[in-house]
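Peer 1: I'd like to ask some things about the structure below.
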Amino acid sequence: MALGAEIAAHAARLVVEEGMEYAAAKHKAARDRQRRGGGRCELPSNEEVEDQVRTHLALFHAEEQPAELQALRRLAREWMRRLADLRPHLAGAVWRGTATRRSAVLLDLYCDDPKAAELALLDAGVRYEVGTLARAGSAPLPLLTVQVASRALGENVPLVLVLHDRDAQRGALKPDARGRSWRGDLVALERLLAAEAAP
């Protein structure tokens with residue numbers, strides 16, 4: 001296996017089995033390789049890691065993953081409806097179709113006022129934690145994390161709300177290198193759920 005593919009495969013296992021985000025998984029996979037005596041190397045792209053994630057899911061989680069993904073997408077739909085005024089877009093593994101029960105539901109919100117999301121949660125009596133999302137070469141983004149009960153999965157799921165400036169929405173739907181979108185709005189999510197429900 002080529003070096004990049006080896007790191008991508010290791011990162012994919014971390015994504016699926018530990019629920020890590022791609023960036024963190026790639027860096028940990030590279031560090032683990034260095035500890036085993038390997039040298040520095042260029043990290044694989046997110047698309048390369050995602051290919052390995054899909055392979056790993058097909059080999060080890062083919063029976064349960066589709067139902068877990070559907071449960072998470074329905075949970076995302078519920079919250080996108082609740083937060084509709086904040087222009088929510090579903091991102092991450094739940095949008096891309098690689099989520100398992102260990103995945104967080106990641107919603108990008110595009111707000112005129114970053115406090116609007118906090119106010120919406122406070123008004124609804126929802127408890128949340130405040131954090132930031134580090135970005136290479138850019139200022140970190142504020143985020144809010146809510147633990148949401150999933151009846152279908154029988155456990156709580158992290159709902160991560162990433163707060164963007166409203167103007168950032170223009171570039172939000174740019175596709176990846178293969179022409180697939182990194183996120184989608186409620187209409188796009190409804191289409192995915194309808195396709196999953198079709199016989």
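The values are calculated or read from the model by the stated rules, or taken from the named source; none is laboratory data. If you're wondering where the values come from, they're calculated on a predicted model, not measured in any experiment. Cβ coordinates were reconstructed from backbone atoms using ideal geometry, including for glycine residues, and neighbour counts include every protein chain displayed.
Peer 1: When segment 176-195 is examined, which residues are found to be under 17 Å from residue 93 (Cβ atoms) and either touching a helix residue (DSSP H, G or I) at 6+ places or on another chain (Cβ under 6 Å) or of a type outside the set (Phe, Trp, Tyr) (or both)?
Peer 2: Step one: list which residues in segment 176-195 are under 17 Å from residue 93 (Cβ atoms), which gives 176, 178, 180-184, 188-189, 192-193.
Result: 176, 178, 180, 181, 183, 184, 188, 189, 192, 193.
Peer 1: So, in segment 1-54, exactly how many residues are without any contact (Cβ under 8 Å) to a residue 40 or more places away in the chain and either touching a Lys or Arg at 6+ places or on another chain (Cβ under 8 Å) or part of a helix (DSSP H, G or I) (or both)? Before you say what the answer is, go through the steps one by one.
Peer 2: Residues of segment 1-54 without any contact (Cβ under 8 Å) to a residue 40 or more places away in the chain: 1-3, 6-7, 10, 14, 20, 22-43.
Among the residues that remain, those that are also either touching a Lys or Arg at 6+ places or on another chain (Cβ under 8 Å) or part of a helix (DSSP H, G or I) (or both) are: 3, 6-7, 10, 14, 20, 22-35, 41, 43.
Adding up the residues that qualify gives 22.
Peer 1: Taking residue 167, is it touching a helix residue (DSSP H, G or I) at 6+ places or on another chain (Cβ under 7 Å) and at pLDDT below 90? If you could, list the steps in order and put the result at the bottom.
Peer 2: Working: touching a helix residue (DSSP H, G or I) at 6+ places or on another chain (Cβ under 7 Å): no; at pLDDT below 90: yes.
No, not satisfied.
Peer 1: Being among the small types (Gly, Ala, Ser) and in contact with a helix residue (DSSP H, G or I) (Cβ under 7 Å, 6 or more places away or on another chain) is the filter; apply it to segment 1-60 and report the residue that is nearest to residue 136 (Cα to Cα).
Peer 2: 25
Peer 1: From the residues in segment 74-131 that are acidic (Asp, Glu) and touching a strand residue (DSSP E or B) at 6+ places or on another chain (Cβ under 6 Å), which one is surrounded by the fewest Cβ atoms within 10 Å (Cβ to Cβ)?
Peer 2: Quick first cut of segment 74-131, residues acidic (Asp, Glu) only: 78, 85, 108, 112-113, 118, 123, 129.
After this cut, where a residue has to be touching a strand residue (DSSP E or B) at 6+ places or on another chain (Cβ under 6 Å) as well, the list is 108, 129.
Details: 108: 25, 129: 11.
Taking the candidates together, the pick is 129.
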